[in-house]
Structures are given as C-alpha cells and as structure tokens.
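A.B. asks: Dumping the structure here so I can ask a few things about it.
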Amino acid sequence: MDADVVFVNGSVYTVDAARRWTRAVAVRGGRIVAVGTDDDVRSLIGARTEVHDLRDRMLLPGFQDAHVHPPSGGIEMLQCDMNEAYSLPEYERIAAAYAASHPDEEWILGGGWSMDAFPNGTPDRAPLDRVLPDRPAFLPNRDGHTAWVNSRALEMAGITAETPDPPDGRIERDAQGRPTGALHEGAMTLVRKLTPPTTQEQWEEGLLAAQRYLHSLGITAWQDAIVGGSYETYEAYRALAGRGDLTARVVGALWWDRLRGAEQIAELVDKRERGDVGRFRATSVKIMQDGVVETFTAAVIEPYLDAGGRPTERYGMSFVDPEALKPYVTELDALGFQVHFHALAERAVRECLDALEAARAANGPNDLRHHLAHIQIVHPDDVPRFRRLGAVANAQPLWAMNEGQMRNLTIPFVGSERAGWQYPFASLHRAGATLAMGSDWGVSSPNPMWEIHVAVNRTSFPGYVYADDDEAVEQPFLPDERLDLPTAIAAFTVGSAFVNHLEDVTGSIEPGKLADLVVLDRNPFEHPREEIHRTRPLLTMVEGVPVHVDPSFD
Ligand SMILES: [Zn+2]
C-alpha cells in the first residue's frame with residue numbers, strides 16, 4: 001500500500017539506539033511504516049504520496065515538554081504581557097499601553113516580569129502607581145512565585161502594615177513594616193482571590209494560543225505541570241480534547257492542595273477517571289514541595305546566608321510537612337498515580353526522595369515514573385538516589401547559566417559550595433538517572449532548541465534575554481555539568497515521552513510508532529555547538545497531520 005507522506009534525502013536522527021541515523025521515513029495512517037535509505041521507501045511512493053525532499057535537513061521525533069503551563073502561558077500572551085521585556089521603564093510602558101488599550105478591564109492582569117530587572121529582585125508599587133493610579137493590578141513575575149501589585153490592589157485586599165504574613169507566604173515590607181507591592185508565594189492569594197476568575201472560555205482560548213505556539217517550536221506532547229488550584233484548566237482540556245481540538249498529547253498533573261491532606265485523594269481519583277478524553281489524560285499529581293531560591297522560599301538544609309555571607313535563620317519552606325508527605329505519596333503510588341514534584345533546593349529534593357523511598361518500602365517497585373522537576377540544588381549524596389528509586393530527573397536546562405539573577409540573587413545567598421551543586425544534569429546522567437526535560441513556560445521560553453543549547457553549552461546566546469550579559473555568554477555555568485547533544489535531544493524526546501508513558505508509541509522514529517515528527521532547518525550536529533540555538537523548526541506533525549508549517553518549508 002502507498003504511503004501518505006514520505007521524507008527522503010534527510011538527516012534523520014531517530015533517537016533509536018539500534019539505528020541512530022538514517023535517510024528516509026514513510027508515514028501511512030498516522031504511523032511510521034518504514035525507516036531506512038531512500039531506496040527502502042521508494043516502493044511505498046504512489047500517485048497520492050506526498051514526497052518531501054529534505055535536502056539534508058534534520059528530521060526528529062517531535063519534542064515533548066515534561067513540565068509546562070500552556071493555558072496560563074497562552075492567556076498571558078493575550079494579556080499585559082511583560083515576558084519579552086527586561087527593564088522597569090519597559091514594564092511601565094507595557095502596563096500603561098495595555099491599560100490604555102483595555103479601558104473596560106477592571107483589573108490589569110498578566111505579568112511575566114523578570115526579577116533581575118529590580119534591586120534585590122523585588123519591584124515596588126510606586127512606579128506601577130504612576131501608570132496605574134486607579135485600577136488594581138496583579139502581575140506575577142515570570143516564575144509565578146511573586147506578584148507585583150499596585151496600591152489600589154493592596155487597598156482593596158486590606159493589606160496594611162498590620163496584616164500578618166500568611167503561613168505559606170510573605171508580604172514584602174519597608175523598614176516601617178508597610179507593604180511595598182511585592183507578594184511572595186501564598187501571600188499572592190490575598191490579592192489573587194479578588195481578581196475576576198478566569199473563565200473556561202479564556203482558559204480554552206489560552207490553551208489554543210499556547211498549542212499553536214508550542215507546535216511552532218516543534219513540540220508535539222507535554223505534561224501540564226498544574227491542572228487545578230489557581231489553574232482551573234481541567235475542564236478546558238476535557239472540552240478541547242472532546243472536540244478533537246487538542247492536537248498535542250497531554251498528561252495533566254492534578255494539583256495537590258497543600259492546605260488539605262489525604263481527604264482530597266478521592267477527588268483526584270474521580271478527576272483521573274473523567275479526565276481520559278481524546279489526547280488528554282490526568283494521571284499525574286503535582287506536589288509543590290518548596291518555593292524558589294531568590295525569595296528564600298526554596299527549602300535548604302543549611303540556612304541561607306545574608307548579604308555579608310553570614311548564616312541567617314532562614315531555611316525556606318516545606319509546603320507539605322515532610323512526615324505527612326510520606327503517607328500521601330505512598331497512597332498516591334498505591335493508587336497508580338504518578339507524582340510530579342516541584343523540588344527546587346536540596347532539602348525539598350531530599351524530602352521528595354524520602355517520600356518515594358517510603359512508597360517503595362510500602363508498595364514495592366512499579367512503573368509509575370515519579371519525577372522531580374527543577375532540581376536546582378541537589379545534595380551530592382542524593383544524586384545516586386534518583387536511579388535507585390526510579391525517580392526521573394525533570395530538568396529545566398534554560399536556567400543553568402551564569403546570568404545576573406544567578407550571580408546576584410542566588411550564589412551569594414547559598415554560598416559557594418552549594419552553588420556548585422546546581423543543575424547537576426551530567427552528574428545525574430552519569431549516575432544512571434533517566435533525564436526528561438521541560439521549559440516551565442510561562443516561567444521561561446519553551447523553545448526546545450534554546451533549552452538544548454544551554455544544556456550543551458551552559459551559556460547564554462544572541463537573541464536571548466541575557467545576550468548582553470557578557471558573563472552569561474562567555475563563562476559556562478559549572479561546565480562539568482554540560483551534556484552532549486545526543487543526551488540533551490534524548491531527554492527532550494524519548495526521556496519526556498517516558499515520563500508521559502508515551503515512549504512505546506512516540507519519542508523515537510521507528511516503524512510502528514506514531515508519526516509525531518519535526519523537521520528542523522539544519523542538522524545541528526554539523527554546526528558548532530555554539531550555534532545550536534539558531535536551529536528552527538520548519539514542519540511539525542502529529543500522527544502524520546501537519547500542525548505547524550513554516551512558510552519556508554517545501
Ligand atoms: Zn512549573
């Protein structure tokens with residue numbers, strides 16, 4: 001029988017250990033039916049077969065993002081979007097322009113500002129008050145752990161010098177204790193709860209915008225790292241999947257409400273059952289165990305240092321009591337849920353691994369592929385435990401560079417020894433851990449070729465945020481932790497497919513697998529590794545159907 005689509009004369013990188021490189025691929029009925037030389041596929045070319053001469057360009061399995069927030073990222077693209085700017089004057093300009101062009105919106109929402117643009121990483125309400133004197137503004141930063149609010153928003157929320165910090169967050173204050181306009185972690189809720197709830201229609205619009213964008217970057221599948229909580233996207237996914245509009249394959253990680261306990265598990269089971277629609281499944285549970293280093297909310301073993309290098313009393317936050325985490329994870333594991341942890345600093349990583357160890361001891365081995373995302377600081381003693389416990393290292397490689405936020409807001413406050421334990425991707429790989437990769441978009445760019453560039457080089461590059469930062473561009477960050485290009489590509493394809501239990505049907509180019517594919521404009525193996533970031537996707541395909549075609553592709 002004739003193939004529907006045939007690619008010939010290409011640099012086909014299969015991510016299949018048995019046959020890494022080949023020249024041609026044939027697709028029929030959404031599946032790969034032949035992989036080999038141009039001669040091998042010739043007999044499958046018929047009158048109706050679409051034949052693409054790749055002229056040596058690279059064909060790969062579609063990228064899979066193991067930790068991403070598409071619906072909110074997509075909505076942010078449609079709101080007061082600060083993601084593409086890096087200075088206070090630009091943020092003021094963006095906020096003023098958005099307010100002027102949206103006179104009927106009661107709230108100014110959006111965000112995506114960079115901590116690096118502010119002294120100490122925290123913005124002040126005064127400049128926001130200048131451009132937004134009347135309407136309340138709630139603008140989370142790019143990592144979503146701190147919100148910038150104006151005086152009107154503080155006033156509406158009743159936040160004053162007398163307001164205590166909530167147990168899971170902190171109100172930034174001046175010397176007199178007055179709120180300055182930055183709310184960390186759980187303190188964001190004080191204002192967020194007043195903002196108009198995002199409607200399902202908005203979530204769906206955001207998800208569709210995000211899906212178009214992610215497909216344009218060569219991404220064919222992902223794990224949504226928060227479904228639930230303040231990201232009520234579960235019904236949006238079900239709706240799109242039910243209509244056949246969800247072209248990507250998505251596993252949703254259902255939000256673990258850290259203010260509740262095991263009583264929520266029955267709801268998660270129900271959501272998993274009802275969540276199996278089209279290309280969507282809700283088989284993972286997201287437990288956010290700590291915060292971020294820059295606001296001292298990431299959980300550390302030795303205390304944070306002060307600006308003078310002296311130990312403080314700050315140890316960060318364990319959002320779930322580590323002793324309670326063990327029975328929760330054990331029960332989720334027994335019920336067949338995959339656990340997707342946010343584990344950023346070394347104490348959180350250890351607490352999550354301890355919980356997995358408890359689950360193993362109680363339930364024995366299984367194939368659920370629990371994973372720890374972010375893993376910014378990993379104590380060397382914990383590196384070998386990933387393999388021992390079957391925990392996948394879910395890496396966000398774009399963060400592993402020597403940029404200002406790292407130099408000014410992280411290294412001085414964690415100290416030099418611990419600073420050297422950051423993003424230990426090569427160490428984890430050498431220790432036999434399975435590596436998956438993801439972007440954490442809207443936190444940072446979801447461009448897999450940029451992320452792979454940093455995984456391989458550990459430096460910034462032209463066109464990226466920190467391109468003018470000489471140290472970020474010239475000094476590789478902990479160069480011993482660089483990965484080679486095959487390892488980084490594998491993490492972004494078959495590694496993330498493994499996390500999503502999709503590696504039997506996707507993640508590599510083999511006969512019988514689904515034709516989830518991407519064509520790149522070049523073969524990055526044949527260019528200097530400093531140029532990996534230039535690689536662009538030209539065609540993205542899911543089950544043999546194009547979901548993104550660059551105008552320059554023929
Ligand atoms: Zn995330």
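A.B. asks: Here are some conditions: (1) modelled with pLDDT of 95 or more; (2) of a type outside the set (Val, Ile, Thr); (3) surrounded by fewer than 19 Cβ atoms within 10 Å (Cβ to Cβ). Ser552 meets all but one. Which one does it not meet?
C.D. replies: Among (1) modelled with pLDDT of 95 or more; (2) of a type outside the set (Val, Ile, Thr); (3) surrounded by fewer than 19 Cβ atoms within 10 Å (Cβ to Cβ), the lone unmet condition for Ser552 is (1).
A.B. asks: If I ask for residues that are within 16 Å of Glu403 (Cα to Cα) and in contact (Cβ under 8 Å) with a residue 60 or more places away in the chain, which ones from segment 463-507 would you list?
C.D. replies: Gly463, Tyr464, Val465, Tyr466, Asp469, Glu471, Ala472, Gln475, Pro476, Phe477, Leu478
A.B. asks: I would also like to ask the following. Hey, can you tell me all the residues within segment 1-19 that are more than 12 Å from Lys513 (Cα to Cα), part of a loop (DSSP other than H, G, I, E, B), modelled with pLDDT of 95 or more and within 29 Å of the chain's Cα centre (by Cα)?
C.D. replies: Val15
A.B. asks: Step by step: first the residues of segment 146-182, then only those that are of a type in the set (Val, Ile, Thr) and closer than 23 Å to Tyr315 by Cβ, then the one that is modelled with the lowest pLDDT. Which residue is that?
C.D. replies: Restricting to residues being of a type in the set (Val, Ile, Thr) and closer than 23 Å to Tyr315 by Cβ, the top hit is Thr146.
A.B. asks: A further question follows. Any residue at all in segment 546-554 that's in contact (Cβ under 8 Å) with a residue 40 or more places away in the chain and under 30 Å from Gln422 (Cβ atoms)?
C.D. replies: Within segment 546-554, not a single residue is in contact (Cβ under 8 Å) with a residue 40 or more places away in the chain and under 30 Å from Gln422 (Cβ atoms).
Results for (1) within 16 Å of the ligand (Cβ to nearest atom); (2) closer than 26 Å to Thr220 by Cβ, shown as yes or no for each residue.
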{"site": "Pro446", "(1), (2)": "yes, yes"}
{"site": "Ser460", "(1), (2)": "no, no"}
{"site": "Pro486", "(1), (2)": "no, yes"}
{"site": "Val499", "(1), (2)": "yes, yes"}
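A.B. asks: Let me ask something additional. Restricting attention to segment 292-305, and to residues there that are at pLDDT below 95 and in a loop (DSSP other than H, G, I, E, B), which single residue is farthest from Asp257 (Cα to Cα)?
C.D. replies: Phe296
A.B. asks: For segment 45-137, which fully contained strands (runs of 3 or more DSSP E) count at least 1 residues that are more than 16 Å from the ligand (Cβ to nearest atom), among the aromatic types (Phe, Trp, Tyr) and closer than 30 Å to Asn523 by Cβ?
C.D. replies: 63-68
A.B. asks: Something else about it: Considering each of Ala433, Ala426 in turn, give the residue that is more than 16 Å from the ligand (Cβ to nearest atom) and assigned to a loop (DSSP other than H, G, I, E, B).
C.D. replies: Ala433
A.B. asks: Select from segment 318-350 the residues that are among the charged types (D, E, K, R) and surrounded by fewer than 22 Cβ atoms within 10 Å (Cβ to Cβ) and write down the one among them that is nearest to His379 (Cα to Cα).
C.D. replies: Restricting attention to segment 318-350, the residues satisfying the condition of being among the charged types (D, E, K, R) are 321, 323, 326, 331, 333, 346-347, 350.
With the extra rule that they be surrounded by fewer than 22 Cβ atoms within 10 Å (Cβ to Cβ), the set shrinks to 321, 323, 326, 331, 350.
On the way: Asp321: 20, Glu323: 20, Lys326: 20, Glu331: 27, Arg350: 8 Å.
Step by step, filter segment 318-350, then rank; the result is Arg350.
A.B. asks: Would you mind finding the one in Glu510, Glu417 that is away from the ligand (no atom under 16 Å from the Cβ), farther than 30 Å from Leu368 by Cβ, surrounded by fewer than 22 Cβ atoms within 10 Å (Cβ to Cβ) and of a type in the set (D, E, K, R)?
C.D. replies: Only one candidate qualifies: Glu417.
A.B. asks: If you don't mind, another one. As an exercise: evaluate Leu478 against (1) more than 18 Å from the chain's Cα centre (by Cα); (2) within 16 Å of the ligand (Cβ to nearest atom) and give the number of the one condition it does not meet.
C.D. replies: Looking at each condition in turn, Leu478 falls short on (2).
A.B. asks: When you go through (1) part of a helix (DSSP H, G or I); (2) in contact with a Leu (Cβ under 6 Å, 6 or more places away or on another chain) one by one for Leu398, which number turns out not to apply?
C.D. replies: Single failed check for Leu398: (2).
The values are calculated or read from the model by the stated rules, or taken from the named source; none is laboratory data. What you are looking at is a predicted structure, and each value in this text was computed from that prediction instead of being measured. Please note: Cβ atoms are built from the backbone with ideal geometry, for glycine as well, and neighbour counts cover all protein chains shown.
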